[in-house]
1. Return one number: the angle in degrees, 0 to 90 and rounded to the nearest 10, between the long axis of the Cα atoms of helix A:104-117 and the longest principal axis of the Cα atoms of chain A.
2. Quickly estimate the mean residue ellipticity at 222 nm for the protein assembly as shown, helices only: each DSSP H run with n ≥ 4 gives -39500 (n - 2.57), and the total goes over all residues, rounded to 500.
3. Rounded to whole Hz and in sequence order, give me ³J(HN,Hα) for segment B:432-439 from the Karplus expression 6.51 cos²θ - 1.76 cosθ + 1.60, θ = phi - 60°, writing x for Gly and Pro.
4. Kindly state, as a whole number, the per residue volume in cubic angstrom of the convex hull around the alpha carbon atoms of the protein assembly as shown.
5. In segment B:611-664, what trypsin sites (Lys or Arg not before Pro) fall in a loop by DSSP, with at most 13 other Cβ atoms inside 10 Å?
6. Can you give me the long-range amide H partners of residue B:623? Hydrogens built in the peptide plane at 1.01 Å from N, cutoff under 5 Å, separation of 5 or more residues or another chain.
7. Where the centre of each part is set by its Cα atoms, how far does segment B:167-240 sit from segment B:362-378, in angstrom?
8. Which of the lysines could a cross-linker span from residue B:126 if the Cα-Cα distance has to be under 25 Å and same-chain partners fewer than 8 positions apart are dropped?
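What follows draws every value from the coordinates through simple rules; no lab data is involved. Not measured: the values here are computed from a predicted model. Note: ideal-geometry Cβ built from the backbone for every residue, glycine included; neighbour counts use all protein chains shown.
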Amino acid sequence: MIKEIRFVLNDKKVSVEIDTLTRLLDVMRNEFHCLGVKEGCGEGECGACSILLDGKLVNSCIIPIGQVEDSVIVTIEGLKKTERYKVLQKAFQDAGAVQCGFCTPGMIMAAESLLSHNPKPSEEDIRVGISGNLCRCTGYAMIVEAVKLASIRGEGLW
Amino acid sequence: MWQLKDKSLESIEVPSKKYKNSTYPNKDISTSVKRVDSEEKIGGTAKYLGDYKFDNMLYAKTLRSPKAHAKIKSITIPDLPDGYYIVDKNDVPGKNAVKIIFDDMPYFADEYVNYIGDPLLLVVGKDKEKILNIMESIQVEYEELDGIFTIDEALSGKKKPIFNNDNVFIKYNFSKGSLCETFSKAHKIIEGEYDTGYQEHIYLEPQGMIGVYENDKVSVYGSMQCPYYVKNALKQGLGFDDEHIQVIQTTTGGAFGGKEEYPSLIAGHAAFATLKCGKPVQLIFDRDEDVEFTTKRHPSKIKIKAAISEEWKIEAMDIDIILDGGAYIGLSGVILQRAMFACTGAYNIENINVKGRVVATNNVVSGAYRGFGAPQAYFALEMFINKIAREFNVTPLAVKKRNFIKQGDPTCTGGTFKDPVPIPKLINKIEEVSGYSEKVKEYKDKKYKGIGMSVFYHGCGFTGSAEKDVIKAIVKLRKYKDDNVEILISNVEMGQGTTTTLRKIAAYALNINIEDVIYENPDTDRVPDSGPTVASRTIMIVGKLIQDAAEEMKDKWNSSESFEVTVQYKHPEGYCWDNEKLHGDAYNAYAWGANVVEVEVNPITYEVDVIGIWTAFDIGKAIDEKIVYGQIDGGMIQGIGYGSIEVMNSQGGRLKQRTITDYIIPTAMDFPKVNRELVDNPYKLGPHGAKGVGETSFIGAPVAFAAAVENAINKPIEKIPVTPEYIMEVLEND
């Protein structure tokens, strides 16, 4: 069914007329050029397609666009404009948390989601918070360090 | 649950922006810098293959055999709508064979299909849903044939062979000393048999290629490790010459060997498709397609028989290695060789016989994967050492220490360990950080708590004489008028940090800022063939050539001039290898490691908690400490995954775990932090003394885990992955 779907994307009111079953991932990438939202599996397993939907971390590959009418969506493209992102970026760089980079935007979204709900997470909290994001390169330790570093440096931002 | 320590992060050094060697603290190149590619990767602007869009680009999807072994009787294609195409064996202008080493794997199945997933044809068009509809309406009639699905079936002789008359793709053998005599006089003879399973790479970015045909030239963009492997394969498949084929690597989201040889197949597909359709064609795998049909780590069956002296010295060892090669040979021969050259590991054994075979089966094709045969060999060997320890009622470390290699000792192929062998330093370090021997004592009476150790080497670079005889790497540096210098090589960044480390090497030698060094994703139109990004060779071999070229450039440096320096690999004196007899120095350099894993087994569910992971490595010299630590972290977790939770079984040629849902890889919650220690032992021919870390960081992990579980349950573990089901089976079968 083709329908006009209206929602807020990265602080902008947008709309798209499309089959309501189109994957949110494809709408993000193909209609709105949000290429930082990656397809790693298309099965909701790897988290490379993570975005924030009404404040919740979701896998956009398993969400049909029809479901996001009137919702607020934030992708890495939107998050990049914030102070919080700058702290996360520097923390990821300083901790050495980026290798091939394919999981990284999703990890940043997961970190943003975690810190928004829990600004001072323990290591265990962080590992749970990013448990929906697979990484094959880093073994996770430096990513965990990066999130911890961001929470310390970004005190007051989340 | 493992201990979660909230470690203070004050010790994280904030890397500086610009580095010249004059600003490196203590002029030490190891000091970490900000990774050059980190900003764009974090922000999602790094362009991977899926982010490329060409005008009028079409999509391609592969129609595959659902049968493991069959004759194709007929293919009925429905009437195609305008703008939709079939690309099959008839559209291969050159040779319908993927140039890997042998030419047995076709681009598209000809008369027979040999594994579930064997490509038949592509459907190409503009709309993905229409493509899927067309695929569903294509009718293929098969005459099913009996298949061979296990190593036992391949060698039993009971079924009709699928390759030659014995199902053996390739076999090798080497020996030294006198096995027969030693066995006849042996104090004790011990035997063991060990099995390892499949492993799938699960690089986060799936396989993909885009073919573009323009002005009589085919350009292929893609996620890959070896642009010239792909180019040479395209030359054979297209029948075009060098000037009419171009291969461009796109930013690669992980590879681990899975993008070493496999991309040549799909690059061909994209090339034939663009040639036929006249438009750019994108071929990207769905994840489940990638999990089920791309190359996997070779399953293995390794038998060891050894003659042991009264004081647990291994006097002779007879090793039989069998790998399941799957439907086509691919790189199996080289992988088998590496397994064979690793199979006596860190031990000096005077009398050896090593036999190796790769068998043909109608299973998914086995191929390159980090470690390349060594993980399988080390699993068998280190578990066998533990068996010796049990038989003599001594600790595994006691057996190891009785047999460890020292500098000057012969290698298993009759070469020499010319350089210092840092094993004692590694053992001291690992004992210090893990408390290994104390815990071995403590856990002797503690049921369900265990600790295991592996000690091993990794032969850095290509096995044997390939670097000299086959690759002959060429590296170019180009200085521009503005004093920027470009590195022109065919090696790629795939997450392991080369875009930063190779720049560091050049910048350090030239005494310029890293920012002033250019290193783009390789394009075969612009770069020479410096060899593939494999075998943990990139820093040690190519980095050294970059350093040499940079030093030459510095001597000729003239600020206003633009010029190039070209250097080629020269085989060092004193390293001899006979490729026919498999005799001499199989490797010029060895990286060494000791890994310890501590576990606690749940007595009811048999689930295993990893309590601690400790490592000590000699990788020569870290070109960038954080990047080396990142490789160690990643390698150890991937290795323990292979040893524990990464279950992939095949039955009747069909993988039972064939999606990312069913094939489980470690998440952030599965294993604790890895403790890493580096031991100094620079290699005089490596840049700043560097050797290889990419595989060294992986190969000892699986067996350290398995040994820990064995130690915990006090019953022999003879296969990986060590699953709770297997532990239960072992404990309940007394």
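1. The angle comes out near 80 degrees.
2. -8000 deg cm²/dmol
3. Coupling constants for segment B:432-439: 4, 8, 9, x, 3, 5, 4, 5 Hz.
4. 166 Å³
5. B:656
6. When sequence neighbours closer than 5 places are left aside, there are no close amide H contacts.
7. Rounded to whole Å, the Cα centres lie 7 Å apart.
8. A:3, A:38, B:47, B:53, B:61, B:89, B:217, B:276, B:279
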